[in-house]
Each structure stands twice: as structure tokens, then as C-alpha cells.
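Note sheet for the following structure.
Every number in this text was worked out from the coordinates using simple rules, so none of it is lab data. These numbers were taken from a predicted model, which means no experiment stands behind them. We place every Cβ from the backbone using ideal geometry, glycine too, and count neighbours over all the protein chains shown.
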Amino acid sequence: MLTTIETNVIFTREESRDLEEIAWNKHATFPGVYLKDLVKGDQTDGKFSCHLVKVEAGCELGEHIHANNWEIHEIVIGDAVGYLEGKEMIYTPGTTAIIPAGSKHRVVAGEHDLYIRAKFIPALV
């Protein structure tokens, strides 16, 4: 079953795309974590990228660092506990977290699937 966020549309100058047409990709390292690449760096001259991240209930986007990328988490659906350099952040819909380049961070989903709109500056992919 699709969530509301998965049936939305992305508009760019060149096109519009239904999110349900964009494939989910399994995260290479973290089980229960999936990504949809909404806007890639080749569309923005490498300036930024935007991704929908799904963390299944009880799963974790484990501790990691993006050495050269700032990251913005916008919580769309679900709840979780995020950690930024060990500091706890409560993630609920509407929460935004700013993660500076080189900062250790992780996210542990709660009882329901978590959906994060993650933006990277410069582009991650």
C-alpha cells in the first residue's frame, strides 16, 4: 500500500514525475532502509540532491558521516529518534534537522515506518 507521500509529484523546469514511478533502492549498508532519488546532482549542476528515505519500523539508519555534504532531514511521516554527534533529537512529522558536513549521525525508527525527505548540499548523487 502506498503512503500519501509516495503518490505526490515532483516538478522541475524540465518535467514532472509521479513519485510512485521512481523506484525504491535498498540501502547498501542498512537493512530496512530504502531510498528514492527525487532530484539528482546531474539535474542541479551538482549543487544539491533530494531523496525520500524510508526506514522501516524498528530499523535503523546506522551511524555514518557525509564528509563533504551538509544534510537536511525533513520528517514527513512517522516518528524516530535521531542522533547528531550523540545528541538526541525527537523526529516527528514537521521536524527538521540540519546535519553539518563531517558530523556523525543516525536515525532509529519507532513503531511505524519513517519517511524522511533528505536534502544534500552539494549533491550526494
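A Cβ distance below 8 Å, combined with a sequence gap of six or more or placement on separate chains, defines the contacts here; from the stretch 112-125, residues that are of a type in the set (Asp, Glu) reach residues that are not in a loop (DSSP other than H, G, I, E, B) in the pairs Asp113/Lys54; Asp113/Val55; Asp113/Ile77. Checking the conditions here, which among Gly102, Gly94, Gly82 is part of a strand (DSSP E or B) and out of contact with any Gly (no Cβ under 9 Å at 6 or more places or on another chain)? When all the criteria are applied, what remains is Gly82. For the stretch 107-125, a tally of residues being farther than 16 Å from Asn69 by Cβ and either in a loop (DSSP other than H, G, I, E, B) or of a type in the set (Ser, Thr, Tyr) (or both) returns 5. The single residue among Ala28, Ala23 that is within 22 Å of His64 (Cα to Cα), out of contact with any helix residue (DSSP H, G or I) (no Cβ under 7 Å at 6 or more places or on another chain) and surrounded by fewer than 17 Cβ atoms within 10 Å (Cβ to Cβ) turns out to be Ala28. If you go through the stretch 98-125 and keep only what is among the small types (Gly, Ala, Ser) and surrounded by fewer than 18 Cβ atoms within 10 Å (Cβ to Cβ), you end up with Ala101, Gly102, Ser103, Gly110.
Sub-7 Å Cβ pairs linking a first residue in the stretch 93-106 that is farther than 12 Å from Trp70 by Cα to a second residue that is part of a strand (DSSP E or B) and aromatic (Phe, Trp, Tyr), at least 6 apart or interchain, are Arg106/Tyr83, ordered by first then second residue.
Number of residues in the stretch 22-47 that are assigned to a loop (DSSP other than H, G, I, E, B), within 14 Å of the chain's Cα centre (by Cα) and closer than 19 Å to Val9 by Cβ equals 2. Among residues of the stretch 68-80 that are surrounded by 19 or more Cβ atoms within 10 Å (Cβ to Cβ), those with a Cβ under 6 angstrom from a residue that is of a type in the set (S, T, N, Q), sequence gap 6+ or separate chain, pair up as Ile75/Thr95.
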